[in-house]
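Peer 1: Please find one structure pasted underneath; my questions will follow.
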Amino acid sequence: MSLKARITEDMKSAMRAKETARLGAIRLLLAAIKQREVDERIELDDTQIIAAIDKMLKQRRDSISQFEAAGRQDLADIEHFEISVLQAYMPDAASDDEIDALIAQAVAETGAAGVKDMGKVMAAVKPKLAGRADMAQVSTRIKAKLVG
């Protein structure tokens, strides 16, 4: 079953169970997917859907930090709930050892010698870790490996 079909089925089950908060989060996701399909005139595959979910998760995390800074815990709680719903559609997170191994492999393949080659290493690692790791943390690890 494709990811899009699974999301649609989850929406139907949330409707039947009258889970309004979960239903709202799933509808936001489906709307984002549909918007991208209409804008680009393509049918999104699972990889592209995961990228869309990843973008939505990043937006939610940014919103949480803004809401908490403004003292709006009620809105931050809503964002936390939406993150938990969206996270269910993401692949399993990569372990620290797996991330380090992929970085080492990418450094060896690209022949990266210093920080100036960081873009090459990121380009090699990103497709393998998309949706499975926070790319900001991966970037920090790559920089540490290239400097040290």
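The values are calculated or read from the model by the stated rules, or taken from the named source; none is laboratory data. The structure displayed is predicted, hence computed values, not measured ones. Cβ atoms come from the backbone with ideal geometry, glycine included; neighbour counts cover every protein chain shown. Keep in mind that these areas ignore ligands, DNA and RNA; they rest on the heavy atoms of the full protein, side chains included. Shrake-Rupley method; radii C 1.70, N 1.55, O 1.52, S 1.80 Å.
Peer 1: Any chance you could give the angle, 0 to 90 degrees and rounded to 10, that helix 118-129 forms with the longest Cα principal axis of the chain?
Peer 2: That works out to roughly 40 degrees.
Peer 1: I'd like the trypsin sites (Lys or Arg not before Pro) in the stretch 68-148 restricted to DSSP loop residues with at most 16 other Cβ atoms within 10 Å, sorted by number.
Peer 2: Hits after loop and neighbour filter: Arg72.
Peer 1: Here is a further query. Tell me the carbon and sulfur percent of the accessible area for the stretch 38-143, rounded to whole percent, probe radius 1.4 Å.
Peer 2: 53 percent
Peer 1: Tell me, what is the per residue accessible area of the chain in Å², probe radius 1.4 Å?
Peer 2: Averaged over the residues of the chain, the accessible area is 60 Å².
Peer 1: With contacts defined as alpha carbon pairs under 8 Å and 6 or more residues apart, what's the relative contact order of the chain in percent?
Peer 2: For the chain, the relative contact order is 20 percent.
Peer 1: Given (i) 25, 18, 16; (ii) 28, 18, 15; (iii) 33, 20, 13, which label gives semi-axes √(5λ) of the Cα gyration tensor in Å as computed from the coordinates?
Peer 2: Correct label is (iii).
Peer 1: Can you flag which of Lys58/Lys143; Lys34/Lys128; Lys18/Lys128; Lys55/Lys116; Lys18/Lys58; Lys18/Lys55 are past 32 Å Cα-Cα?
Peer 2: Correct reply: Lys18/Lys128.
Peer 1: While we're looking at this one, here's another question. Provide the descending list of Cα extents for the stretch 19-100 along its principal axes, expressed in whole angstroms.
Peer 2: 41, 37, 24
Peer 1: Continuing with the same structure: Would you mind getting me the FRET efficiency between Glu98 and Glu9? Use the beta-carbon distance for r and R0 = 41 Å, nearest 0.05.
Peer 2: 0.85
Peer 1: Report the accessible area of Arg22, computed with a 1.4 Å probe over the heavy atoms of all protein chains in place, in Å² rounded to the nearest 10.
Peer 2: 70 Å²
Peer 1: Counting Lys and Arg as +1 and Asp and Glu as -1, each charge on the Cβ, what is the dipole of the stretch 1-84 about the Cα centre in debye, to the nearest 20?
Peer 2: That gives a dipole near 240 debye.
Peer 1: Another question about this same structure. Can you put Val147, Val125, Val107 in order of accessible area, largest first, using a 1.4 Å probe?
Peer 2: If we order Val147, Val125, Val107 from most to least accessible, we get Val147, Val107, Val125.
Peer 1: Where the only charges are on Cβ atoms (+1 Lys, Arg; -1 Asp, Glu), what is the dipole of the stretch 36-148 about its Cα centre, to the nearest 20 debye?
Peer 2: My answer is approximately 600 debye.
Peer 1: Specify which residue in the list Ile64, Ile50, Ala104 is farthest towards the positive end of the charge dipole of the stretch 15-108, using unit charges on the beta carbon of Lys, Arg (+1) and Asp, Glu (-1), about the Cα centre.
Peer 2: Farthest towards the positive pole: Ile64.
Peer 1: Dipole of the chain (Lys/Arg Cβ +1, Asp/Glu Cβ -1, origin at the Cα centre): which of Ala124, Ile142, Leu30 lies farthest to the positive side?
Peer 2: Among Ala124, Ile142, Leu30, the one farthest towards the positive end of the dipole of the chain is Leu30.
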